[in-house]
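The values are calculated or read from the model by the stated rules, or taken from the named source; none is laboratory data. In this text the structure is predicted, and so the values were computed from the model without any measurement. Neighbour counts are summed over all protein chains in view; Cβ atoms, including those assigned to glycine, are modelled from backbone coordinates with ideal geometry.
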Amino acid sequence: MPRSIWRGVLSFGMVAIPVRLYLATESSSKVSFNLLCPEHKSRIKNKRWCPEGDHEVAWNDVVRAYEYEKGNYVELTDEDLEKLPLRSSKAIDISGFVEKQEIPEELYIQSAYYLEPEKSAAKPYALLKKTLEKTGRVAIAKFALRERERLVSIGGYDGALVLNTLHWPDEIRSTDELDIDNPSVSPAELKMAENLVSMMATKFEPSEYTDEYKKAVLELVEAKVEKREVIEAPEPEAETTVVDLMAALKASVEKAKKGELATARAGRGGHESLVHKKTASAAKGKQRKAS
């Protein structure tokens, strides 16, 4: 496990749990590119430049400051920030517990962190985790990390407590800004769509999804290094545009029955649906009997 990025106390009521904070995710699948000079093919460097003195400033000499009015700044050191009168910089005080589904994860959740207890706090840590899992609730608190205070939720996952940073309410844009009509949907269309969703239903297995972009980039790099021909992506199959919604739903249901939707999705880097798995399994069974 990498080094913790924060140490403090997680508390609810009179129970205090000394914990360490770790990043729960990493961008290992991200493809990084470098910027080169078009003439010399050498890597471009970004310089911290002072326009007033017309000279470069070393990173260790850079000073943090806040612009309190146009062109005027006040310097702030690490020591200044550590002395801020915020308990949330030293502790995570749980203010309440809400039902998990009350937080619209699609909008609010930002980043995930693991909370690890100090050895002396194993029991209260386990108590909080099991209580959250049993009640189906998550804890809500405020927490200061990396120069800003954040709203966070804390819940149990895979034997550990996970802290998720959340957007503040005033950071969430209203859907009123969108131009969305609300046309009526017929009961028949809704029923057909429900059938399609039911046929394509599966379980979320993250391990079955792969980053095809990274793989494709690495293959492209290898081909260029070896001066081989670059293989382009195949053109998608032409499909007839269906204007009638009901006809499109019926056609989709028929494809789902045959496993064609799952096959197409698997080819795009997704996992196979249960429909396709059953179809493939049945086909293999027939092949074995024939042989």
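A count restricted to the range 1-44 and to residues that are among the charged types (D, E, K, R) and modelled with pLDDT under 90 stands at 3. Checking the range 73-86 against the condition returns no match, with no residue being in the same structural domain as Leu10 (by TED's automatic domain parsing) and over 30 Å from Ser4 (Cβ atoms). Under the condition of being free of Cβ contacts under 8 Å to residues at least 24 places away in the same chain and either touching a helix residue (DSSP H, G or I) at 6+ places or on another chain (Cβ under 9 Å) or not hydrophobic (A, V, I, L, M, F, W, C) (or both), the residues counted in the range 206-228 number 9. Only one of the numbered conditions (1) under 16 Å from Leu163 (Cβ atoms); (2) exposed (fewer than 12 other Cβ atoms within 10 Å of the Cβ) is violated by Tyr22, and that is (2). Glu116 passes every criterion in (1) of a type in the set (Asp, Glu); (2) farther than 30 Å from Lys214 by Cα; (3) outside the structural domain of Ile154 (by TED's automatic domain parsing) apart from (3).
Condition check ((1) assigned by TED's automatic domain parsing to the domain that holds Asp244; (2) surrounded by fewer than 13 Cβ atoms within 10 Å (Cβ to Cβ); (3) of a type in the set (Asp, Glu)) across all residues:
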{"residue": "Ala141", "(1), (2), (3)": "no, no, no"}
{"residue": "Ala144", "(1), (2), (3)": "no, no, no"}
{"residue": "Arg148", "(1), (2), (3)": "no, yes, no"}
{"residue": "Met192", "(1), (2), (3)": "yes, no, no"}
{"residue": "Phe204", "(1), (2), (3)": "yes, yes, no"}
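Please determine, by comparing only the residues of the range 45-91 that are modelled with pLDDT under 85 and touching a strand residue (DSSP E or B) at 6+ places or on another chain (Cβ under 7 Å), which one is nearest to Leu151 (Cα to Cα). Checking each candidate, the answer is Ser88. Of note, Tyr114 does not satisfy the criterion of being surrounded by 10 or more Cβ atoms within 10 Å (Cβ to Cβ) and in contact with a Pro (Cβ under 8 Å, 6 or more places away or on another chain).
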